[in-house]
Amino acid sequence: MKKIGILGGTFNPPHIGHLWIAEEVRIRKQLDEIWFIPTSTPPHKETEVLDAAHRLEMLRLAIQDNPHFQVNALELEREGKSYTYDTVKELTMNYAEVDFSFIIGGDMVAYLPKWNRIDELMNMIHFIGVSRPGYRLETPYSVECLEIHPLDISSTFIRTRLEEGEKVRYLLPDDVMNYIKENRIYGYRESQS
Ligand code: ATP
Ligand code: MG
């Protein structure tokens, strides 16, 4: 059976923290592939999120040099809010021959009690929780916790730096950095290059 790890996220923008946890989990859990699934309207985000088309393109650029990484846009193709429950249901129905795991960072592990239909979801897919600075990998839910070397990087940190005119090089892949530059997103200014 093919083993695939899912990493859902806003990817606003994608950064090396995402790539780092994906590759660590893939190797340590001997997964065949990681599917990155960008959310359309994240249910738990109140702040405005960048256009899905930009996030999708940045994600494609971020993963392009890893043959085990793929982007799956099913949540963007669906109308309305993205709930992991619906995504996992769709994936397990469409790919009955695949053994899926759902990868989440420590902040999401802490947030699990608030997820839509979490008890049903727990019975539908295996969860793998990974370390994230500032969060403890503890939960009453059945999550396989993997201690990975923590990288204290978030999209929020990158957006804030860009808005403040600071450099973000090396926090995300060069191609993503160049995309932000070319499209003048997140308040990017020429002086930052
Ligand atoms: P934001 O600051 O906008 O919330 P983010 O950096 O948390 O962005 P998301 O797209 O929200 O990125 O995260 C997608 C998934 O990746 C989540 O499960 C999150 O916990 C995980 N993740 C992101 N960055 C890290 C990191 N540095 N270490 C561990 N997990 C991470
Ligand atoms: Mg987040």
Given R₀ = 22 Å, FRET efficiency for residue 156-residue 53 by Cβ-Cβ distance, to 0.05?
0.60
So for the chain, using the alpha carbon gyration tensor with a ≥ b ≥ c as root eigenvalues (a/c under 1.5 gives rounded; past that, a/b versus b/c decides prolate or oblate), I'd call it prolate
Counting only DSSP beta bridges with both residues in the chain, tell me the antiparallel percent, nearest 5.
0 percent
Please find the FRET efficiency linking residue 85 to residue 2, where r is the Cβ-Cβ separation and R0 is fixed at 22 Å, and quote it to the nearest 0.05.
0.45
When ranked by the protection proxy of mean other Cβ atoms within 10 Å per residue, highest first, what sequence do the peptides 56-69, 146-159 form?
56-69, 146-159
Given the options 125, 74, 145, identify the residue whose Cα lies farthest towards the positive end of the charge dipole of region 2-151 (+1 on Cβ of Lys, Arg; -1 on Cβ of Asp, Glu).
145
Let me spell out the model: positive unit charges on the Cβ of Lys and Arg, negative unit charges on the Cβ of Asp and Glu, origin at the Cα centre of the chain. What dipole size does that give, in debye rounded to 20?
220 debye
Report the gain in length on full extension from residue 169 to residue 30: 0.36 nm times residue separation, minus Cα-Cα distance, nm rounded to one decimal.
47.0 nm
Quick one: order 92, 10 by neighbouring beta-carbon count within 10 Å, fewest to most.
92, 10
FRET efficiency (residue 95, residue 138; Cβ distance; R0 30 Å; to 0.05) is 0.45
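Bear in mind these aren't lab numbers, they're just calculated from the coordinates by the rules spelled out. Everything numeric here is computed off the predicted structure, so don't read it as measured data. Using ideal geometry, Cβ is built from the backbone for each residue, glycine included, and neighbour counts are taken over all protein chains shown.
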